[in-house]
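Chemist: Encoded as structure tokens, here's the structure I'll be asking about.
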Amino acid sequence: MAEPVVRIPDAKVALSTASVYPESTATAFEIAARLGYDGVEVMVWTDPVSQDMEALRRLSDYHQIPILAVHAPCLLITQRVWSTDPWVKLQRAQAAAEKLGASTVVVHPPFRWQRQYARDFVEGIWRMANETDVRFAVENMYPWRYRDREMLAYAPDWDVTKEDYRHFTIDLSHSATARTDAMEMVDRMGDRLGHVHLADGRGSAKDEHLVPGRGNQPCAELLERLALSGFDGHVVIEVNTRRAMSSAEREADLAEALAFTRLHLASAVKAQRLP
């Protein structure tokens, strides 16, 4: 039999549980399974289920959908989740990933006011990465802006490519907010790019997390490059659906995001193989 012209690359497409907010972590598993996502990334935050490893395991087993990544509680609203000590948070995220079979822990660089944590962060992430098979993929962030003022809220830097990390997460909504060239950042990450948060943005001071294709970020270009480069990480849909007027509208947005991602992962392979 002739080999098919189009082959979907091996990269798995996951749904971030943050993408269904204000609905629950449990709802994210249900939607991901119904729409045909390959797995989920658990955002550990104020939803008690997101913090409960046994509850997450039961959801994964019930819906037959794997947990591919754990996002450590790094947000302002999660300052007290799992501990007030940021290293304890990362240790618990690592333990959760190992217990749940996830390959990646996503972590933000420290806030600038977390001075000791920021001072030790690069060395500490390397130390933790050397103790486990789980990837610690440090995510690009952005300057905070208000009117004509800009505040550097992250340390050592919001541009994580300025530091030596074993693995990176690229987030295209964050690159839009930072008003930086996402593909140049991907070039700097090179083969250390281990994880992708796929979302779009228009360069607003607000972190928009639009459905891919609704902003000005190179979402399609990035996916096509990943397909051709043999990317072995995960592509995670992390979009904002808070303005959805109903659960059906939210689900339609997440179906559109999945279709966009699979289309552009596959189209690059097709284009390469056509005569």
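The values are calculated or read from the model by the stated rules, or taken from the named source; none is laboratory data. Please read these numbers as outputs of a predicted model, since none were measured by experiment. Note that each Cβ is placed from the backbone with ideal geometry, even for glycine, and that neighbours are counted across all protein chains shown. Just so you know, the surface numbers come from the protein's heavy atoms only, side chains and all, with ligands and any DNA or RNA stripped out. Shrake-Rupley method; radii C 1.70, N 1.55, O 1.52, S 1.80 Å.
Chemist: Please report the carbon-and-sulfur percent of the accessible area for the chain; probe 1.4 Å, protein heavy atoms only, DNA, RNA and ligands left out.
Modeler: On the way: 6410 of 12900 Å².
Accessible surface attributable to carbon and sulfur in the chain totals 50 percent.
Chemist: Determine the relative contact order of segment 48-110: mean sequence separation of Cα pairs under 8 Å and six or more apart, normalised by residue count, in whole percent.
Modeler: 40 percent
Chemist: If you average 1/r over all unlike Cα pairs in segment 121-257 and invert the result, what Kirkwood radius do you get in angstrom?
Modeler: Values: mean 1/r = 0.0631 Å⁻¹.
The answer is 15.8 Å.
Chemist: Another question, if that's okay. If you consider only alpha-carbon coordinates, what radius of gyration and Dmax does segment 1-160 have, in Å?
Modeler: When restricted to the Cα atoms of segment 1-160, Rg and Dmax are 17.4, 62 Å.
Chemist: In bins 5 Å wide, starting from 0, what share of all Cα pairs of segment 20-105 does each bin hold, as a percent?
Modeler: Here the calculated profile for segment 20-105 is 3, 16, 28, 26, 17, 7, 2, 0.
Chemist: Here is a follow-up. For ALA69, what is the net charge nearby, where nearby means another residue's Cβ is under 12 Å from its Cβ and Lys, Arg count +1, Asp, Glu -1? Each step should come with its number before you reach the end.
Modeler: Working: positive: LYS12, ARG135; negative: ASP38, GLU41, GLU139, GLU238.
It works out to a net charge of -2.
Chemist: While we're here: For the chain, give the share of DSSP beta bridges that are antiparallel, in percent and rounded to the nearest 5; count only bridges with both residues there.
Modeler: Among the beta bridges of the chain, antiparallel pairing accounts for roughly 15 percent.
Chemist: Still on this structure, please answer the following. At a threshold of 8 angstrom on Cα-Cα distance, excluding pairs fewer than six apart, so keeping six or more, what relative contact order does segment 73-194 reach in percent? Intermediate values should be presented prior to the final figure.
Modeler: On the way: 173 pairs, mean separation 26.4, N = 122.
It comes to 22 percent, rounded to a whole number.
Chemist: May I pose another question? If you roll a 1.4 Å probe over the heavy atoms of the protein chains, what accessible area per residue do you get for the chain, in Å²?
Modeler: Roughly 47 Å² per residue, with all protein chains present.
Chemist: Let me ask something else. Per residue, how much space in cubic angstrom lies within the convex hull of the C-alpha atoms of segment 117-170?
Modeler: In segment 117-170, the Cα hull volume divided by residue count equals 81 Å³.
Chemist: Now for a different question. Could you tally up the Lys pairs in the chain with alpha carbons closer than 27 Å? Skip any pair fewer than 8 positions apart unless they're on separate chains.
Modeler: 7
Chemist: Largest first and to the nearest Å, give the Cα extent of the chain along each principal axis.
Modeler: Result, largest extent first: 60, 42, 41 Å.
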